[in-house]
Amino acid sequence: PPITTQSSQPLVPKSADQASPYAPISKTEKEPAGDLRPGKQQPSVSLEWFGPPAARINQPMPCQLLVRNTSSAAVHNVVVRQKLPQGVTCKSSEPNAITEVGELVWSLGTLPPEQTRRIDLQLVAAVRGTLNCQATVTFTGSASHQVQVREPQLAIKMRAPEKVVVEE
């Protein structure tokens, strides 16, 4: 259920077509800092393999993985994993990978909006057949909201005589 105010009115519009019940930040106010962006945020990362269609047995095969942040907000904790098929080893990679339970793992950290990171690999297949290269990417995206909290600067001064006589 949507969060409600004391008057039980929802804080979010009932449909995406409705205008927000909140006034936009005026041009005189500061823009959100850092990763804070007003409105709907859709973090998204794509992962794409590049490599030759055929390779020789026991010979290094150059491959690339491109990791793209396709959104307008930074994504954090970006991690790429590739499980090596049976009979395949990784001769080298840039950046260097760590190996966890038969998987190559690259921790790429934060990927700014619309940025791409490239992982270069040298794979060596010791067996003939079809080599299925599959990688996964995980990341943390966030939605932010900034609220300007103000204190009214209202002062009330009264003037009156010190003594008042009331007629009887």
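Some observations on this one:
- Cβ separations smaller than 6 Å between residues 6+ apart or across chains give the following pairs from region 125-151 residues that are of a type in the set (Ser, Thr, Tyr) to residues that are modelled with pLDDT of 90 or more: Thr136/Arg81; Thr138/Val79; Thr140/His76; Thr140/Asn77.
- Residue within region 144-164 that is at pLDDT 85 or above and surrounded by 10 or more Cβ atoms within 10 Å (Cβ to Cβ) present: no
Residues checked against (1) among the charged types (D, E, K, R); (2) more than 30 Å from Ser144 (Cα to Cα):
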| site | (1), (2) |
| --- | --- |
| Met61 | no, yes |
| Ser72 | no, no |
| Arg81 | yes, no |
| Ser93 | no, yes |
| Glu100 | yes, yes |
| Thr110 | no, no |
| Ala125 | no, yes |
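- Residue count for region 45-74, restricted to those that are outside any strand (DSSP E or B), in contact with a strand residue (DSSP E or B) (Cβ under 7 Å, 6 or more places away or on another chain) and not polar (S, T, N, Q): 5.
- Restricting Asn77, Asn96 to residues that are closer than 20 Å to Leu47 by Cβ, at pLDDT 90 or above and not in a loop (DSSP other than H, G, I, E, B) narrows the list to Asn77.
- Test for Asn58: is it touching a residue at least 12 places away in the same chain (Cβ under 8 Å), open to solvent by less than 40 Å² (accessible area, probe 1.4 Å) and polar (S, T, N, Q): no
- Of the set (1) in a strand (DSSP E or B); (2) modelled with pLDDT under 95, all apply to Gln86 but (1).
- Within the set Leu104, Leu131, the sole residue that is surrounded by 12 or more Cβ atoms within 10 Å (Cβ to Cβ) and part of a loop (DSSP other than H, G, I, E, B) turns out to be Leu131.
- Pro113 meets all of the listed conditions (1) more than 30 Å from Pro60 (Cα to Cα); (2) surrounded by 14 or more Cβ atoms within 10 Å (Cβ to Cβ); (3) without any contact (Cβ under 8 Å) to a residue 24 or more places away in the chain but one, namely (3).
- Output for region 87-101, where each listed residue is surrounded by fewer than 15 Cβ atoms within 10 Å (Cβ to Cβ) and within 16 Å of Gln122 (Cα to Cα): Gly87, Thr89, Lys91, Ser92, Glu94, Pro95, Asn96, Ile98, Thr99
The values are calculated or read from the model by the stated rules, or taken from the named source; none is laboratory data. As the structure is a computational prediction, the values presented were derived from the model and not from experiment. Neighbour counts are summed over all protein chains in view; Cβ atoms, including those assigned to glycine, are modelled from backbone coordinates with ideal geometry. In case anyone asks, the SASA skips ligands and DNA or RNA and just uses the protein heavy atoms, side chains included. Shrake-Rupley method; radii C 1.70, N 1.55, O 1.52, S 1.80 Å.
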